[in-house]
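A.B. asks: Below are the structure tokens for one structure; questions will follow.
The values are calculated or read from the model by the stated rules, or taken from the named source; none is laboratory data. Just so it is clear, the structure is predicted and the values come from calculations on it, not from any experiment. Virtual Cβ from ideal backbone geometry, glycine too; neighbours counted across all protein chains shown.
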Amino acid sequence: MLNKKVEEALNAQINAEMWSAYLYLSMSAWCAADGKPGMANWFEVQFQEEQDHARILFNYVIQRGGRVTLRPIEAVPTEWKSALDVMESTLAHEQKVTALINDLFALSTAENDYATQSMLKWFIDEQVEEEENAQNLIDSLRMLGDGSGYGLYMLDKELAARSYTQASPLAKA
Ligand code: MG
């Protein structure tokens, strides 16, 4: 049975992951409107991955005999200044999510909830990847600098090739 404090924190995290999904869908829309279909695709994959994150937590709360309570998803930003601005916002957002996951882990440690700590280990590793991916794209965009139409075109082509794979904890279920 899930401890009430941990259950509440997991429900808040489900909402945070759904907000992330909505944020990335909004970024995908902005990139598409800005004429960057590859980046739009990259964010659409992010959108799918964030829904997976919410579902992993959703399934876990149920598995532990807890109660999932879905809450409203707050509005997300809809405008960015440039491709670099979108990627910098992505990194800043993922850093916030990492802090949320760390807080969840600290809470489950304080509450002696070992199963939740074990489940969260996947998220801790995932956040390392999320931050690295965003940082790599920021680095690429900075290398291209302003006005490199050809470079940006090639990068956008590369991002068009990204495809979604279901998160491993869901594949096991
Ligand atoms: Mg996430």
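A.B. asks: Inside region 48-65, can you point out the residues that are within 15 Å of the ligand (Cβ to nearest atom) and β-branched (Val, Ile, Thr)?
C.D. replies: Ile56
A.B. asks: Of the residues in region 19-47, how many are within 11 Å of the ligand (Cβ to nearest atom) and of a type in the set (S, T, N, Q)? Break it down stepwise before answering.
C.D. replies: Within region 19-47, the first condition is being within 11 Å of the ligand (Cβ to nearest atom), and the residues that meet it are 19-21, 23-24, 46-47.
Then keep just the ones that are of a type in the set (S, T, N, Q); that gives 20, 46.
Here the count works out to 2.
A.B. asks: Then there's this: Determine which single condition Asp139 fails, assuming it passes every other condition in (1) charged (D, E, K, R); (2) closer than 19 Å to Ala40 by Cα; (3) in contact (Cβ under 8 Å) with a residue 24 or more places away in the chain.
C.D. replies: (3) is the only condition that Asp139 fails.
A.B. asks: Where in region 113-173 are the helices (runs of 4 or more DSSP H), entirely inside, with at least 2 residues that are within 16 Å of the ligand (Cβ to nearest atom), within 19 Å of Ala92 (Cα to Cα) and at pLDDT 95 or above?
C.D. replies: Once the helices (runs of 4 or more DSSP H) in region 113-173 are filtered for at least 2 residues that are within 16 Å of the ligand (Cβ to nearest atom), within 19 Å of Ala92 (Cα to Cα) and at pLDDT 95 or above, what remains is 114-144.
A.B. asks: Filter region 79-112 for residues that are within 16 Å of the ligand (Cβ to nearest atom) and either under 22 Å from Asn59 (Cα atoms) or free of Cβ contacts under 8 Å to residues at least 24 places away in the same chain (or both) and give the result.
C.D. replies: Ala92, Lys96, Val97, Thr98, Ala99, Leu100, Ile101, Asn102, Asp103, Leu104, Phe105 - these are the residues of region 79-112 that are within 16 Å of the ligand (Cβ to nearest atom) and either under 22 Å from Asn59 (Cα atoms) or free of Cβ contacts under 8 Å to residues at least 24 places away in the same chain (or both).
A.B. asks: Going by the conditions given, is Ala12 surrounded by fewer than 20 Cβ atoms within 10 Å (Cβ to Cβ), hydrophobic (A, V, I, L, M, F, W, C) and closer than 18 Å to Ile124 by Cα?
C.D. replies: Working: surrounded by fewer than 20 Cβ atoms within 10 Å (Cβ to Cβ): yes; hydrophobic (A, V, I, L, M, F, W, C): yes; closer than 18 Å to Ile124 by Cα: yes.
Answer is yes for this residue.
A.B. asks: Counting only residues that are of a type in the set (Phe, Trp, Tyr) and surrounded by 15 or more Cβ atoms within 10 Å (Cβ to Cβ), which one in region 65-121 is farthest from Pro169 (Cα to Cα)?
C.D. replies: Of everything passing the filter in region 65-121, Trp80 is farthest from Pro169 (Cα to Cα).
A.B. asks: State all residues of region 122-167 that are acidic (Asp, Glu) and surrounded by fewer than 18 Cβ atoms within 10 Å (Cβ to Cβ); if no residue qualifies, say none.
C.D. replies: Asp125, Glu129, Glu131, Glu132, Asp139, Asp146, Glu158
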